[in-house]
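A.B. asks: Next up is a structure, given as structure tokens.
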Amino acid sequence: MMNFFRALTILVILLFTTDSQIQLFSQTSKERPNVIIIYTDDQGTLDAKCYGSKDLVTPAHDKLANTGIRFTQMYSPSAICSASRAGMLTGRFPARAGVPGNVSSHPGKSGMPKEEITIAEMLKSAGYTTGHVGKWHLGYTPETMPNGQGFDSSYGHMGGCIDNYSHFFYWVPPNRHDLWRDGKEIWEDGAYFGNSMVREAKAFIDRSKTSGNPFFLYWAINWPHYPLQGTDKWRSYYENAKLPHPRNKYAAFVSSMDEIIGEVVDHLEKEQLRENTIVILQSDHGHSTESRTFGGGGNAGPYRGAKGCLFEGGIRVPSIISWPGGLPKGEVRAQMATGCDWLPTLSDLCDVPLPKRKLDGKSLSRVLRAKEEPSPHKSFYWQLGNQWAVREGAWKLLGNPKDNSNKAPIKNTDKIFLANLEKEVSEMDNLAEKYPETVKRLKSLREEFLKGMEKN
């Protein structure tokens, strides 16, 4: 009799359950995807074979593109390291996130305010295990290091870069050791940092799989940022390929980076996690032309600019998202998108609530699922020191521009520089005098962005 009443109760529930309720149940019970963001450092706009590079070997990049979606108009939040990372991790303009430029690479110096809400904190609130591997460069105090910003575990360096064997920061005195695990200094003298990052990424994945929780790994690879320390394998390869200096040194580091990315993606496949893992691979900004990279090596193709400036070569970056179990494969998106968009996009894809904050990024989930969807951005704004840029449609207005690619001199008349990216992606001709009304409109749009910055 008890079994009869139990069966009758279940039947009644099913009869009165609506389709929407069944759909809601299936959504909430569905396993959430894992997430890995691989944030490369100083990688040029076209520096992967899948972006048209004919002299680079990048099978891991190409594989992710073939199993996912490749963006051709993805913009970094800034053209400098710390600001770009703050914008990506918070979904906010870097200045709104409290990081308008680079933060200090020395212990005891703070960085991104603890009050900011990161992707790690957003996903952690939904039950994700969160981990950081690699570069941080967003603060060097306990509350602004990774464990204070939503990461359960952290392994890597807190400053802008390290020597990959001694793990010392040599570029701004005093020289100092910079390798940390969960806020405590550790020593691994002589260990190649690329191999160590792979070890740590695999271990984090394995621990997370054992726990049964979905995971978020922020793997901030400090490559191909200087020092250009590619492996013997790839240095020999490009020497034999007769690539000129400094492209050969840069190329060896790009392929060394690609190889370690491939090792971690292969590990996901081995552990049968690949289908339900979102992998985002993106550069923090354009390639470096600093003397520490021998004046260049990266390739922005037709785009003017490089790291540290707001011409296209400084902020248009390679960007791929691959989720075999949830998104189209082998597709390209030409819509304008930004690094600030990843936080709201992951909120949608992972079905977790957005932080209750003013966000500047917008979800790309519709664009990812349908190539005909328009960009969620009608316009966007960048600020770096006294440089600024605003884009609306094809029009882009720059104030006080710099050209670190040295493709052309900046003239006195170029302090206000107008370009039309549909007609000329190279940004070589200043159209400001020809289209004064467009300049006026974009300047007004910039003022609106600046006023909006006051709102948190």
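The values are calculated or read from the model by the stated rules, or taken from the named source; none is laboratory data. Keep in mind it's a predicted model, so treat the numbers as computed, not measured. Glycine also receives a Cβ, built like all others from the backbone with ideal geometry; neighbour counts cover every protein chain displayed.
A.B. asks: If I go through segment 411-424 residue by residue, how many of them are surrounded by fewer than 17 Cβ atoms within 10 Å (Cβ to Cβ) and assigned to a loop (DSSP other than H, G, I, E, B)?
C.D. replies: Final tally of qualifying residues: 5.
A.B. asks: Which ones in segment 400-440 are of a type in the set (A, V, I, L, M) and more than 26 Å from the chain's Cα centre (by Cα)?
C.D. replies: ALA408, ILE410, ILE416, LEU418, MET428, LEU431, ALA432, VAL439
A.B. asks: Ok, one more. Looking only at segment 403-444, how many residues end up being in contact with a Lys or Arg (Cβ under 6 Å, 6 or more places away or on another chain) and free of Cβ contacts under 8 Å to residues at least 60 places away in the same chain?
C.D. replies: Residues flagged as in contact with a Lys or Arg (Cβ under 6 Å, 6 or more places away or on another chain) and free of Cβ contacts under 8 Å to residues at least 60 places away in the same chain within segment 403-444 amount to 1.
A.B. asks: Can SER363 be described as in contact with a strand residue (DSSP E or B) (Cβ under 8 Å, 6 or more places away or on another chain), assigned to a loop (DSSP other than H, G, I, E, B) and crowded, with 16+ Cβ neighbours inside 10 Å?
C.D. replies: no
A.B. asks: Filter segment 181-200 for residues that are over 25 Å from the mean Cα position of the chain (by Cα) and among the small types (Gly, Ala, Ser); which is nearest to THR40 (Cα to Cα)?
C.D. replies: ALA191
A.B. asks: Residues being crowded, with 17+ Cβ neighbours inside 10 Å and assigned to a loop (DSSP other than H, G, I, E, B): count how many of those fall in segment 48-71.
C.D. replies: Within segment 48-71, residues that are crowded, with 17+ Cβ neighbours inside 10 Å and assigned to a loop (DSSP other than H, G, I, E, B) number 7.
A.B. asks: I've got another one for you. Does segment 291-346 hold any residues that are closer than 13 Å to ILE280 by Cα and acidic (Asp, Glu), and which are they?
C.D. replies: ASP341, the sole residue that qualifies.
A.B. asks: Ok, one more. Being farther than 18 Å from SER283 by Cα and assigned to a loop (DSSP other than H, G, I, E, B): is that true of ASP189 here?
C.D. replies: Yes, satisfied.
A.B. asks: Okay, moving on. For ASP178, indicate whether it is over 22 Å from MET88 (Cα atoms), at pLDDT 95 or above, buried (at least 19 other Cβ atoms within 10 Å of the Cβ) and over 22 Å from the mean Cα position of the chain (by Cα).
C.D. replies: So ASP178 passes the test.
A.B. asks: While we're on this one: If we scan segment 387-394, do we find a residue that is small (Gly, Ala, Ser) and assigned by TED's automatic domain parsing to the domain that holds ARG70?
C.D. replies: no
A.B. asks: Of all residues in segment 112-136, how many are part of a loop (DSSP other than H, G, I, E, B), over 14 Å from the mean Cα position of the chain (by Cα) and in contact (Cβ under 8 Å) with a residue 24 or more places away in the chain?
C.D. replies: 9
Conditions tested, residue by residue: (1) over 19 Å from TYR39 (Cα atoms); (2) out of contact with any Phe, Trp or Tyr (no Cβ under 8 Å at 6 or more places or on another chain); (3) surrounded by 15 or more Cβ atoms within 10 Å (Cβ to Cβ).
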{"position": "GLU121", "(1), (2), (3)": "no, yes, yes"}
{"position": "PHE151", "(1), (2), (3)": "no, no, yes"}
{"position": "HIS157", "(1), (2), (3)": "no, no, yes"}
{"position": "ILE162", "(1), (2), (3)": "no, no, yes"}
{"position": "PHE193", "(1), (2), (3)": "no, no, yes"}
{"position": "ALA201", "(1), (2), (3)": "no, no, yes"}
{"position": "THR210", "(1), (2), (3)": "yes, yes, no"}
{"position": "PHE216", "(1), (2), (3)": "no, no, yes"}
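A.B. asks: Turning to a different aspect of this structure: Among the residues of segment 218-227, are any more than 17 Å from the chain's Cα centre (by Cα), over 30 Å from PRO328 (Cα atoms) and either in contact (Cβ under 8 Å) with a residue 40 or more places away in the chain or not assigned by TED's automatic domain parsing to the domain that holds GLN43 (or both)?
C.D. replies: For segment 218-227, residues more than 17 Å from the chain's Cα centre (by Cα), over 30 Å from PRO328 (Cα atoms) and either in contact (Cβ under 8 Å) with a residue 40 or more places away in the chain or not assigned by TED's automatic domain parsing to the domain that holds GLN43 (or both): present.
A.B. asks: Continuing with the same structure: Which pairs turn up if I take residues in segment 390-402 that are on the phi > 0 side of the Ramachandran plot and look for partners that are among the charged types (D, E, K, R) with beta carbon separation below 6 Å, at least 6 apart in sequence or on another chain?
C.D. replies: ASN400/LYS415
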